[in-house]
Structures are given as C-alpha cells and as structure tokens.
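Input: a single structure, listed below in structure tokens.
The values are calculated or read from the model by the stated rules, or taken from the named source; none is laboratory data. Model, not experiment: these values are computed from the prediction. Every residue, glycine as well, gets a Cβ built from its backbone with ideal geometry; the counts of neighbours run over all protein chains shown.
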Amino acid sequence: MTKKHYSESFTFKSGVTLKNRFIMAPMTTKMSFFDGVITEDEKKYYYLRSKDIGAVVTAAANVSEGGKGWEGELGIHDDRHLAGLADLASAIQRNGTKAFIQLYHGGRMTNSSVLRGVQPVSASAVKAERPTAEEPRALEEDEIYQIIEDFKQGTIRAIEAGFDGVELHGANTYLIQQFFSPHSNRREDKWGGSVENRFRFADLLTDTVIETVKAYAKRPFVVGYRFSPEEYETPGIRFGDTLYLVDKLADKALDYLHVSLGKYDLTSQSEEYKEKSMLAYLNEVINNRTAFMSVGDVRGGEEALEALEHSDLVALGRVMLADPHFVSKVLNDREDTIRFTVADEEREELGLTNGVWQFMQNMMSDRIN
Ligand SMILES: Cc1cc2nc3c(=O)[nH]c(=O)nc-3n(C[C@H](O)[C@H](O)[C@H](O)COP(=O)(O)O)c2cc1C
C-alpha cells in the first residue's frame, strides 16, 4: 500500500475536494458578541489562518439557546447570525480553503450564569465530576426531539451561509457525548440503559442532519462527526463502547469521523486494547467506509506522516494559533521557521484577542509553551 502524504488533495464521499490533507481543528475563540454574532476580530482571526490549509473547522457554534457553553461563543441558533456566518465562510474560503462549521450543544457542561438564570439540561440530572458543576435538569422527550430539530435548523443555516460542511460535536463531554455516556445518561426509557439506547440520540441526530443536507444543499456539502474515545469517570465511556459507536457511524453517509485526542498516538486506558494506538484500532474498525481524521500535538511533517499511517486527514490545533503559516511552512520545506510560542506583543498581529488568549493559556501544553 502506498503511503498517504499530507500534500495530496483529498475528495470526500460528498464530492468536496480539499487541496491538501491538513485541517484546522475546531478551536473556541470566545470572540463573539454576547448574543453569538460574530465580531470583526473573529473574522480576521480565521482569515489569517485560511488560504494554505485544506479546510478550517470553526469553533463550536451553539444550535440551541439553552446549549450555550460559555461567553463569547459563536451562535447558529437564530437567523440574526446568518449575515456574520456568511462573512465567516467567505473569509475562510479565500484561495480555496474549505469552511466547515462545528455544531454544538453544551448540555450539562455550562452553568446558569451563562444561561442567564436557566438551569442547564442533559440526558439525566447528574452533575459532571468537576468542582463548579451544577446539577442539570433531565430533558423531557419532546425537548430531545426539539434539540435534534435545532441541529437541523443549524445545518440549514450553515448551508445558507455558504459553508462547505458541518461537523457534529459529539466529543469533549458535551451533549451528544452525554447521551452516549453511562455517567451522564442514567435514563430508563428508550434513550438510556443499553449501549444501543445510549447511541439513539447520536443515531437519530446524524441521520437527521444527513437527510437535511440531501434536501437543502445545492452543491456538495460535507457532514463530519467528532467523538472522544474514552472517559475517566466510572461509569463512563470505555474504548470498547467507542468502537461500537464508530462502527455504527461508519455505516452512515458521513463524510468523515474525527477523533478528539490530546496526542495522536495515545494508547487506551482499557487493558483489552493496549496492543496499538487508539488511532490504529479506530482506523481498522472504520476500514475505509468513511474518511478518518486524526489530531493531537502534530508539530511538523514527520508527525503528520505518522498520523496518516492510521488516518486520511490530519487536524492541527494549537500550532495554528501560534503560527498561522504552519501549513505553508511544512509544505515548502521551511519547518525550521515555524513559531511555537507567542509573546504578549505578538498577540495582535496573530489575531489572538483576550478571550482566545486566556483559553489558550489554559489549554497550551508545556510542549507548546
Ligand atoms: C483554545 C482551544 C479551543 C478548543 N475548542 C474546541 C472546540 O470548540 N471544539 C472541539 O471539538 N475541540 C476544541 N479544542 C480541541 C482541539 O480541536 C484539538 O483537539 C486539541 O487542541 C488537540 O490538538 P492540538 O494538539 O493540535 O492542539 C480546543 C483546543 C484549544 C487549544
């Protein structure tokens, strides 16, 4: 088998073609206005980082008013967001970079201050295991269907705004993952209990979004799905559960599956799956039924090639914050000039305003700083 190279173009099932196999990972910027409308700063931030890279996945954009996770979050839950989202899509698309928007609902991973006095919701009334977590309210069945409808409306807005695709945020402990997790989902109806029932929300949601794209998109449009491979809580999602999820999702008309990993070659915590990296197991299960996107501390061409041994596309997160020209430097043999650190006085030039800067400080690993 010939090895995949990051400089090659890539065509998704839907027909959307990327000029190379690098994707900017979704990264929350906290730059939007209080009501989720995009700011000029945010457009500039994306504009700086597009052009060389195959596609950009935007920061998580909330599809429901009650799904807002933090201040400064991008919104896609109202038509008033449309004009700004259309500007965002075209800022990213200059010189052929494709624009995907990440669709999100925070579930229990928010608080009543962000929601202006409203209690957060989730699959069940179980708090997350973190010191400041609030107890969420369990969703009624009609509210579950309403949230699926909100994802549908978000998809329609993404199409209308001119994006090339959506990514469903089923990772990082947010609502879609909360339904699949036996920690946050203790329901005894058809949405909880067995792994099949816990998968029902993701299943119906994904089918609804795929059907929506078929009905509304007038040109090829990508649907991707992001997931986290395991949880640390007990009970919690184990790697075996994730192999089930991925196997089911790979049978759908999805354009890609995107794993969320801090490092691309991480090994599972489960004793049964220690023989190789999680990426290798996942790639085997997917078995080319859909494209597979890797991520996690890729800091140069060598590491990208390693990640591509078990995936088709490579997402880049923090390196794109510190160096918007990372991809062109890797493609043009100028890796020695890549910048991995950002000095305070360089923030403005890099479009890193207060919100993203603070978030970046919290999330930057030692290797990057
Ligand atoms: C500032 C920041 C914000 C992030 N926001 C999101 C997000 O909105 N959605 C998401 O799926 N992942 C988010 N992530 C995770 C990244 O997509 C990525 O998986 C992670 O940073 C690991 O990749 P890296 O080592 O290349 O940075 C965020 C990461 C950072 C550093």
task = Look at Gly154 and say whether it is within 23 Å of Ala253 (Cα to Cα) and either at pLDDT 95 or above or buried (at least 17 other Cβ atoms within 10 Å of the Cβ) (or both).
result = yes
query = Among (1) crowded, with 23+ Cβ neighbours inside 10 Å; (2) over 21 Å from Leu205 (Cβ atoms), which single condition is Asn95 missing?
reply = (1)
ask   = Which ones in the range 55-77 are farther than 16 Å from Ile159 by Cβ, in a loop (DSSP other than H, G, I, E, B) and more than 15 Å from the ligand (Cβ to nearest atom)?
value = Ser64
message = Looking at the range 182-198, I want the residues that are within 15 Å of Glu129 (Cβ to Cβ) and touching a residue at least 24 places away in the same chain (Cβ under 8 Å) and have a partner that is surrounded by 11 or more Cβ atoms within 10 Å (Cβ to Cβ) and aromatic (Phe, Trp, Tyr) with Cβ atoms under 7 Å, at least 6 apart or on another chain. Which pairs are those?
response = Asn185/Phe179
query = So Ala91 clears everything in (1) modelled with pLDDT of 95 or more; (2) within 19 Å of the chain's Cα centre (by Cα); (3) under 27 Å from Asp297 (Cα atoms) except one condition, right? Which one?
reply = (2)
query = So which of Leu321, Leu282, Leu266 ends up being hydrophobic (A, V, I, L, M, F, W, C) and closer than 25 Å to Gly72 by Cβ?
reply = Leu321
task = Please go through the range 173-224 and pick out each residue that is within 13 Å of Lys248 (Cβ to Cβ) and within 19 Å of the chain's Cα centre (by Cα).
result = Phe180, Phe199, Phe201, Ala202, Asp203, Leu204, Leu205, Thr206, Asp207
message = When you check Leu316 against the structure, is it under 20 Å from the mean Cα position of the chain (by Cα) and more than 19 Å from Thr58 (Cα to Cα), yes or no?
response = no
query = If we only count helices (runs of 4 or more DSSP H) wholly inside the range 226-330, which ones have 2 or more residues that are within 15 Å of the ligand (Cβ to nearest atom)?
reply = 278-286, 301-308, 318-322
request  = Mind counting the residues in the range 107-143 that are farther than 20 Å from Asn62 by Cα and hydrophobic (A, V, I, L, M, F, W, C)?
outcome  = 2
task = For the range 1-44, enumerate the residues that are within 16 Å of the ligand (Cβ to nearest atom) and in contact with a His (Cβ under 7 Å, 6 or more places away or on another chain).
result = Gly36
Flag if Ser268 is under 25 Å from Met27 (Cα atoms), surrounded by 20 or more Cβ atoms within 10 Å (Cβ to Cβ), at pLDDT 95 or above and in contact with a Pro (Cβ under 9 Å, 6 or more places away or on another chain) = yes
